[in-house]
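Asker: Sharing a structure here in structure tokens format.
FYI, it's all coordinate maths here, none of it is from the lab. Keep in mind the model is a prediction, meaning the values are calculated, not measured. Here the Cβ positions follow ideal geometry from the backbone for every residue, glycine too, while neighbour counts run over all protein chains shown.
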Amino acid sequence: MPELPEVETVRRGLAAALEGRRLQRVAIHRADLRKPFPRDFVQRLTGRRILNVYRRAKYLLLDLDTGETLIMHMGMSGRFTVYGHNSGMAAGAGKHDHVVFDTEDDTRVVFTDHRRFGLMTVTPTAEVKNHPLFFGMGPEPLDRTFTPAVLSAALKGKRTPIKAALLDQRVVAGLGNIYVCEALFRAAISPRRLASSVAGARAERLVPAIKSVLKDALAAGGSSLRDYAHADGELGYFQHHFAVYDREAKPCPRCGTPVRRIVQSARSSFFCPKCQR
């Protein structure tokens with residue numbers, strides 16, 4: 001599943017293609033993705049101008065001039081592709097091209113989703129913060145409000161491993177398996193350590209590590225694993241800079257100890273058993 005850097009990279013591509021533009025035509029080629037499309041989905045979007053394209057955690061949000069917001073999630077394998085003026089009307093006619101957006105300047109944005117785990121819904125803009133998808137969600141990790149003190153407070157008393165705690169969107173929004181593994185390595189913290197024991201001095205190391213790995217991944221355009229690509233079709237390349245993720249038995253870049261893989265909550269955790277305590 002695309003994580004925060006991948007979603008943010010896609011957001012930037014969609015913002016360049018859609019922000020300030022009117023949707024001349026919207027087409028859906030099936031009745032549902034992970035869930036059914038909202039009632040009158042096409043009619044509520046057609047002819048509307050997109051005022052703002054932003055991200056919350058792993059969701060993409062498009063504010064419309066009607067006072068409604070289109071909320072989108074790419075799921076496991078979804079991707080957006082932007083086609084220019086000369087792309088031809090065949091773009092978006094593929095078997096798994098489920099949603100097509102055409103703007104007034106003939107730009108076409110196509111949402112493709114082989115597994116159909118994506119999501120699109122529409123809600124009043126004023127109610128986005130309290131929408132069930134976002135209510136109770138933790139802070140954005142790249143915001144100034146996400147500090148060691150805030151993380152320490154969220155981890156206080158938690159008896160789960162720190163790896164699981166960081167994947168909890170109520171603790172911090174948008175983190176996924178890849179970047180949690182990489183951030184814990186940078187902070188020299190074992191994924192098996194109890195979350196409550198990270199509060200304090202270890203949180204002082206962990207928060208900058210989270211921010212730095214996300215910024216590095218954004219600079220690289222995210223990580224292209226399996227289905228992910230930018231909105232312009234380009235691939236990210238942060239996967240070439242992984243320190244521990246998906247590097248089982250390969251040498252730790254710090255000490256040379258073989259990277260270990262364990263399973264936590266049905267997900268693989270990669271770490272250096274010597275450097276991370």
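Asker: Report the charge-dipole magnitude of region 148-271 in Debye, nearest 20, computed about the Cα centre from +1 at each Lys and Arg Cβ and -1 at each Asp and Glu Cβ.
Answerer: 740 debye
Asker: Out of Gly78, Ala15, Phe111, whose Cα points farthest toward the positive end of the dipole of the chain (charges: +1 Lys, Arg; -1 Asp, Glu; placed on Cβ)?
Answerer: My answer, from the dipole projection, is Gly78.
Asker: Counting Lys +1, Arg +1, Asp -1, Glu -1, what net charge surrounds Arg116 among other residues with beta carbon under 9 Å of its beta carbon?
Answerer: Numbers: positive: Arg30, Arg34, Arg115; negative: Asp32, Asp113.
With Lys, Arg at +1 and Asp, Glu at -1, the net is +1.
Asker: A further question on this structure: Which order results if Lys274, Lys129 are arranged by neighbouring Cβ count within 10 Å, fewest first?
Answerer: On the way: Lys274 14, Lys129 10.
The most exposed by this proxy come first: Lys129, Lys274.
Asker: What is the sum of charges around Glu19, taking Lys and Arg as +1, Asp and Glu as -1, for the other residues whose C-beta is under 14 Å from the C-beta of Glu19?
Answerer: +3
Asker: Just the ratio, please: alpha-carbon radius of gyration of region 148-271 over 2.2 N^0.38 Å, N its number of residues.
Answerer: 1.05
Asker: With a 10 Å cut-off between alpha carbons and a GNM built on the chain, which of Pro258, Pro132, Pro141 moves the most?
Answerer: Looking only at Pro258, Pro132, Pro141, the biggest GNM fluctuation is shown by Pro132.
Asker: Using just the helices of the chain, give the 222 nm mean residue ellipticity in deg cm²/dmol: DSSP H runs with n ≥ 4 each add -39,500 (n - 2.57), and the total is spread over all residues, rounded to 500. Each step should come with its number before you reach the end.
Answerer: Details: 6 runs with 63 residues, N = 277.
Roughly -7000 deg cm²/dmol at 222 nm, from the helical runs in the chain.
Asker: Cα extents of the chain along the three principal axes, largest first, in whole Å?
Answerer: So the extents along the principal axes, rounded to whole Å, are 57, 37, 28.
Asker: Also, quick follow-up: Return the subset of Lys215/Lys274; Lys95/Lys163; Lys35/Lys156; Lys58/Lys163; Lys158/Lys211; Lys95/Lys129 for which the Cα-Cα distance in this structure is over 30 Å, preserving the input order. List each step's numbers first, then the result.
Answerer: On the way: Lys215/Lys274 26 Å; Lys95/Lys163 38 Å; Lys35/Lys156 35 Å; Lys58/Lys163 18 Å; Lys158/Lys211 22 Å; Lys95/Lys129 35 Å.
Distance filter (> 30 Å) returns Lys95/Lys163; Lys35/Lys156; Lys95/Lys129.
Asker: Based only on other Cβ atoms within 10 Å, what is the fewest-to-most ordering of Arg260, Arg49, Arg144, Arg79? Each step should come with its number before you reach the end.
Answerer: Working: Arg260 19, Arg49 16, Arg144 7, Arg79 22.
Exposure proxy ranking, most exposed first: Arg144, Arg49, Arg260, Arg79.
Asker: Follow-up. Within 10 Å of each residue's Cβ, count the other Cβ atoms and sort Met74, Met120, Met1 from fewest upward. Mind dumping the intermediate values first?
Answerer: Values: Met74 25, Met120 22, Met1 19.
Sorted ascending by nearby Cβ count, the order is Met1, Met120, Met74.
Asker: Taking the dipole about the Cα centre of the chain, with the C-beta of Lys and Arg at +1 and of Asp and Glu at -1, give me whichever of Val26, Ala57, Val244 is farthest to the positive side.
Answerer: The listed residue farthest towards the positive side: Val244.
Asker: Follow-up. Rounded to two decimals, what is the ratio between the C-alpha radius of gyration of region 4-127 and 2.2 N^0.38 Å?
Answerer: Details: Rg = 13.1 Å, N = 124, 2.2 N^0.38 = 13.7 Å.
Normalised Rg, Cα atoms only: 0.95.
Asker: State to the nearest 20 debye the size of the charge dipole of region 4-127 about its Cα centre, where the only charges are +1 on K and R beta carbons and -1 on D and E beta carbons.
Answerer: Numbers: 20 positive and 15 negative charges, 82 e Å.
Approximately 400 debye in magnitude.
Asker: Can you give the extra length, in nm with one decimal, that the chain gains between Lys250 and Arg116 once fully stretched, where that is 0.36 nm per residue apart less the Cα-Cα distance?
Answerer: Numbers: separation 134, 0.36 × 134 = 48.24 nm, distance 3.46 nm.
Gain on stretching Lys250 to Arg116: 44.8 nm.
Asker: So, counting K/R as plus one and D/E as minus one, what does the shell of residues with Cβ under 11 Å around Gly47 add up to?
Answerer: Details: positive: Arg22, Arg25, Arg44, Arg48, Arg49; negative: Asp65, Glu104.
So the environment of Gly47 carries a net charge of +3.
Asker: A follow-up question, please. For the chain, set up a Gaussian network in which alpha carbons nearer than 10 Å are linked by springs, and say which option among Asp143, Asp168, Asp216 fluctuates the most.
Answerer: Among Asp143, Asp168, Asp216, the largest mean-square fluctuation in the Gaussian network model of the chain belongs to Asp143.
Asker: Next question, about the same structure. Any idea what the relative contact order of the chain is, in percent, if you count C-alpha pairs under 8 Å spaced at least 6 apart?
Answerer: 19 percent
Asker: Now, a different point. Note down the magnitude of the dipole of region 76-174 about its Cα centre, charges +1 on Lys and Arg C-beta and -1 on Asp and Glu C-beta and zero elsewhere, to the nearest 20 debye. Working shown, then result.
Answerer: Details: 12 positive and 10 negative charges, 175 e Å.
Dipole of region 76-174, to the nearest 20 debye: 840 debye.
Asker: If you don't mind, there's one more thing I want to ask. What is region 1-41 by shape, rounded, prolate or oblate, if you read a ≥ b ≥ c off the alpha carbon gyration tensor as root eigenvalues and call it rounded for a/c under 1.5, prolate for a/b larger than b/c, and oblate otherwise?
Answerer: oblate
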